[in-house]
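Each reported figure results from applying straightforward, stated rules to the coordinates on display, with no laboratory input. It should be emphasised that the depicted structure is a prediction, and the values quoted were computed from it without experimental measurement. All Cβ positions, glycine included, derive from the backbone under ideal geometry; neighbour counts span all protein chains shown.
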């Protein structure tokens, strides 16, 4: 898939035309309305929305025969509950989303009848009034490209690059839609010299589009490809000249381990490795998995991990494995596991379900590490239970 070769991703949400399903549970009970029917309680279950710099969401309910109702929340994390909506026809629901310090960025409306003891689903199409641009530059935790800073220029606006979990990030404020924007990117090394530059004219809109931006460099070139999905979520991909090499310490690390299978059958066990670099890493001939406590090992042959991608190393009954690890078994309660290439330790993990540093070794569930928790991966609290093979893990907040 394209993500296997993506080393720079821009999620430029120029227009979210996401449908919000308003599940109306119109319950009888409460105070009496002028029409003789009881007022209802309406719960609005909001679909998953991603709005950069989100401030708040508000819903207004109105009709000719009722007093208007207004409710506002500063989080998507909870459902919106509106009480006291009189049953009747043509109730108007208006949804407004604010971001970037109170600016109205999305709006949608719909009409529906509210009847006692009847559930209704109202699709509301949200139209964007502004767009946002987010550039994510995967650098790898070792940052082999030597990129130490960067600047994004959009017309007369300038944005500095920030570092987040092995990647450089540019985030803009609200940008106008359907207007040409001159985009310039400059990436610098530790001497302050520019090593990658590129420019292009882009437009944020709801129309799917593809743009190619050539980043010129004395070290080679990169390609930026701008693609808008059917939901209007725009991505840009940059691919540096392909490099294949052996891994160094910290380039690859364990992100998921399934050791405690429900039946105790070891043939369902697997490990997930993540290549954090923009290079293709070759774990062949000179690399091996080692059980550090007793020296049991498995020599790896013919395994390549594309840039910023995962590889599943599994036993015989793991259908989605990228590499078969033979009879190399994982211990379900405690183990010292390492990936070595030559005499170098690429990554090690020491896990246990006992003591002060417990790992989530629940029966029938893998333990997984979000990439953002990389620096604290030796702590059991940085891992959580769940399955996410081939994808970044999402752990609930502590």
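Taking R0 as 35 Å, what FRET efficiency do you get between residue 122 and residue 391 from their Cβ-Cβ distance, rounded to the nearest 0.05?
E(calc), rounded to 0.05, equals 0.65.
What's the extension gain from residue 324 to residue 94 if we count 0.36 nm per residue and subtract their Cα-Cα distance? If you can, show how the numbers build up before the last one.
Details: separation 230, 0.36 × 230 = 82.80 nm, distance 5.41 nm.
Length difference between fully extended and current span is 77.4 nm.
Provide, as a two-decimal number, the C-alpha radius of gyration of the range 245-385 over 2.2 N^0.38 Å, N being how many residues it has.
Rounded to two decimals, the normalised Rg is 0.97.
Quick check: residue separation of residue 317 and residue 372 times 0.36 nm, minus the Cα distance between them. What number comes out in nm?
Extra length available between residue 317 and residue 372 comes to 16.8 nm.
Using label points projected 7 Å from each Cα along Cα→Cβ, tell me how many nm separate residue 144 and residue 75, to one decimal.
In this crude spin-label approximation the distance works out to 4.1 nm.
For the range 276-341, what is the largest minus smallest coordinate of the Cα atoms on each principal axis, given in angstrom and ordered from greatest to least?
33, 26, 20
Roughly how many Å is it from the Cα centre of the range 132-208 to that of the range 316-331, as a whole number?
The two parts, judged by their Cα centres, are 40 Å apart.
Just subtract the alpha-carbon distance of residue 111 and residue 199 from 0.36 nm times their residue separation and send over the number in nm, one decimal.
That works out to 27.2 nm of additional length.
Quick one: grab Rg to one decimal and Dmax as a whole number for the range 311-367, Cα atoms only, in Å.
13.0, 35
Quick one, what does Rg over Rh come out to for the range 66-184 if you take C-alpha atoms and the Kirkwood Rh?
Working: Rg = 21.2 Å, Rh = 18.3 Å.
Here Rg/Rh amounts to 1.16.
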